[in-house]
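What follows is calculated from the coordinates using simple rules that are stated; it is not laboratory data. Bear in mind that the values here come from a model prediction, so they are computed numbers and not experimental data. All Cβ positions, even for glycine, are placed from backbone atoms using ideal geometry, and neighbour counts span all protein chains on display.
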């Protein structure tokens, strides 16, 4: 271990990022990776796969209440806009949304990656931007590279195209990483930039 780096749990935080089929097809993978790497996160797992329906279904329903909660949020979004929801039952609405997500995520190859570093989950979420691209801030990945909206997606009966998925919290990240990667697919190594990011300068104290 490099003695110039004080080992803490912070630098070992991990999160899952998936470049979705639209991101891969549009050639945005390099840009996505660049934005995460230049902030100081490092890749410890990376692969190109075409997800199965089972993989995608498991990914979105790790929380057994996901379908109902998602359906409730969807119905509320219509009501808040003064629009009659096409489906009024939360479970049915949630299942319909899951079906569109499965169709979307299995439509082509995706890049799945594990990013590691201090505050990895929060940093990735900040750089990613909001779920609905049209409302995402300029400077975020979704705000800079996507023109889609929930309105457009609903009109076409599909999932919103927002380029990437990012884990929502640490527990979710741990669960998702175990779903998408085996332990032997995760690489432990020291990156040169970590000597700058995590050095505590204790070696210079008292000089």
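Binning the C-alpha pair distances of region 64-207 at 5 Å intervals from 0 yields a P(r) profile of 2, 8, 12, 16, 18, 15, 10, 6, 4, 3, 2, 1, 1, 0, 0 %, listed from the shortest bin outward. Take every Cα pair under 8 Å in the chain that's 6+ residues apart, average their separations, divide by the length, and report that relative contact order as a whole percent. For the chain, the relative contact order is 35 percent.
Kindly state, to the nearest 0.05, the FRET efficiency for residue 119 paired with residue 62, given R0 = 22 Å and r defined as their beta-carbon distance.
0.50
The Rg/Rh ratio of region 161-203, with Rg taken over Cα atoms and Rh as the Kirkwood radius over Cα pairs, comes to 1.13. Taking only the alpha carbons of region 14-122, we obtain Rg and Dmax values of 16.6, 46 Å in that order. Taking every pair of Cα atoms in region 103-152, average 1/r, invert it to obtain the Kirkwood radius, and report Rg/Rh to two decimals. On the Cα set of region 103-152, Rg over Rh gives 1.03. The angle between the Cα long axis of helix 90-105 and the longest principal axis of the Cα atoms of the chain comes to about 60 degrees, rounded to the nearest 10.
With label points built 7 Å along Cα→Cβ from the Cα atoms of residue 92 and residue 171, find their separation and express it in nm. In this crude spin-label approximation the distance works out to 3.2 nm.
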